[in-house]
Amino acid sequence: MKHNEKRMKKINTVLIVDDNKSTLQLNKWLLEDFFPSDSIYAIPSAQEAVHFIQNLVNGQGQNPGFPLLIFCDVYMPGMSGWDLVSFIQSANDLDEQIFIVLLSAYAQAENAGDNCMGKNIVYMNKPLTDENVELIKSSFDLVFE
């Protein structure tokens, strides 16, 4: 199926959130095949991701471009991936623009995710792979720049 260019959403900045440093680095390396390394932001907690997003919304700090694609671990200490999704959904004008991929190594997380799934939110089992990224790209009609 050929995608209509007018419907395609351009993604040039990505945020990865995972409390496991090894997984965070592996996902960053994997995504560097799709994006320039300076457009991928790897953050080790949902709390820090909220702070990062708030700074961007408020125009504070350097403006790397708002991350329109977020890969987020589901189960993290303190604030979970579900909590980060709730924050994004409650923030003004963010929910419709951002595409979120929730990642978990736990099979039961998929069923728990049914409650917060939206048209811009998907659940995937870990590990993140090239094939998964291509599937996300086609599912959301994304163009990676």
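The values are calculated or read from the model by the stated rules, or taken from the named source; none is laboratory data. This is a predicted model, so every value here is computed, not measured. Here the Cβ is made from the backbone with ideal geometry for all residues, glycine too, and neighbour counts use every protein chain on show. Accessible surface areas use protein heavy atoms only, side chains included; no ligands, DNA or RNA. Shrake-Rupley method; radii C 1.70, N 1.55, O 1.52, S 1.80 Å.
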Considering only segment 27-60, how many residues are part of a loop (DSSP other than H, G, I, E, B) and modelled with pLDDT under 95? 8
Here the qualifying pairs (Cβ atoms under 9 Å; residues six or more apart or on different chains; first in segment 18-40 and within 18 Å of E131 (Cα to Cα); second open to solvent by 70 Å² or more (accessible area, probe 1.4 Å) and part of a helix (DSSP H, G or I)) come out as F34/E134
Criterion violated by I70 - all others in (1) more than 18 Å from K126 (Cα to Cα); (2) in a strand (DSSP E or B) satisfied: (1)
Residues of segment 26-47 being within 12 Å of F87 (Cβ to Cβ) and open to solvent by 20 Å² or more (accessible area, probe 1.4 Å), in sequence order, are Q47
Looking at G65, G113 in this structure, which one is assigned to a loop (DSSP other than H, G, I, E, B), open to solvent by less than 70 Å² (accessible area, probe 1.4 Å) and at pLDDT below 80? G65
Lone unmet requirement of (1) of a type in the set (S, T, N, Q); (2) open to solvent by less than 70 Å² (accessible area, probe 1.4 Å); (3) at pLDDT below 85; (4) in contact with a strand residue (DSSP E or B) (Cβ under 9 Å, 6 or more places away or on another chain) for T23: (3)
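Of D73, D83, which residue is modelled with pLDDT of 85 or more, open to solvent by 40 Å² or more (accessible area, probe 1.4 Å) and within 15 Å of the chain's Cα centre (by Cα)? I'd like the intermediate steps shown before the answer.
Working: D73 fails: open to solvent by 40 Å² or more (accessible area, probe 1.4 Å).
Exactly one residue qualifies, and that residue is D83.
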